[in-house]
Amino acid sequence: MRFKLTSELCYFAGLADRVHSHERSRVEFTTSYDELAEKFVEYAIKLGVSTKKMIIEENEKTKHIYFYHSKLARIIQEVLDQRQFLPKKGKELAASFAAGMFDSSGHSLKGGIYLKNIEKKDELMLELMGVHTVNGYVLNARHFLGIIGGRSFMAKALLTKT
């Protein structure tokens with residue numbers, strides 16, 4: 001990787017929907033939470049994206065935000081391609097990526113946690129952090145929440161409920 005890995009970049013890479021192969025410069029995010037939409041925009045601005053280039057489409061349930069930025073899309077794709085090695089580069093980086101991943105596609109189910117669309121690289125990264133998963137279900141949810149709690153909007157909400 002020819003760029004500086006930061007916790008903000010790792011969180012953003014975990015949060016962003018996967019970069020589309022047919023539109024490699026497009027970065028997007030869909031959510032039903034206004035706070036997460038704001039966080040996505042905030043991080044995009046920190047990473048050099050102009051608000052004039054962001055497109056926000058909303059309906060009564062969700063917000064879909066996207067922009068075209070070839071350099072940032074390439075960097076995000078590199079982080080995604082190498083995410084299984086993040087725990088070896090730094091616990092903070094891996095925890096930030098996992099927090100973004102949870103905010104993007106995580107769900108709480110009767111005391112458990114489910115990560116939608118989890119891939120083998122995600123499972124390996126989480127395993128290196130001591131988080132055990134089976135088919136997207138986190139087996140040690142308390143440990144997972146302890147790792148991502150201070151970085152994740154969704155985890156903070158869950159931790160304040162308990």
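Throughout, read-outs are computed from the coordinates displayed, never taken from laboratory work. This structure is a prediction, so every number in the text was calculated from the model and none was measured. All Cβ positions, glycine included, derive from the backbone under ideal geometry; neighbour counts span all protein chains shown.
Other residues whose C-beta falls under 10 angstrom from the C-beta of ALA37 contribute a net charge of -3, scoring Lys and Arg +1 and Asp and Glu -1. Taking the Cα centre of the range 53-162 as reference, the dipole from Cβ charges on Lys and Arg (+1) and Asp and Glu (-1) amounts to some 220 debye. Length gained on full extension, SER50 to ALA157, computed as 0.36 nm times the residue gap minus the Cα-Cα distance: 35.6 nm. The number of Lys pairs in the range 7-81 with C-alpha atoms less than 18 Å apart, excluding pairs fewer than 8 positions apart on the same chain, is 9. Taking the 0 to 90 degree range and rounding to the nearest ten, how far is the long axis of helix 91-105 tilted relative to the main principal axis of the chain, both from C-alpha atoms? Taking Cα atoms only, the helix is inclined about 80 degrees.
Under 16 Å from the 7 Å Cα→Cβ point of GLU35, by amide nitrogen: which residues of the range 103-127? Hits in the range 103-127 for GLU35 at 16 Å: 103-108.
Comparing SER104, SER96, SER50 in a Gaussian network model of the chain, where Cα atoms under 10 Å apart are tied by springs, the biggest mean-square fluctuation is seen for SER50.
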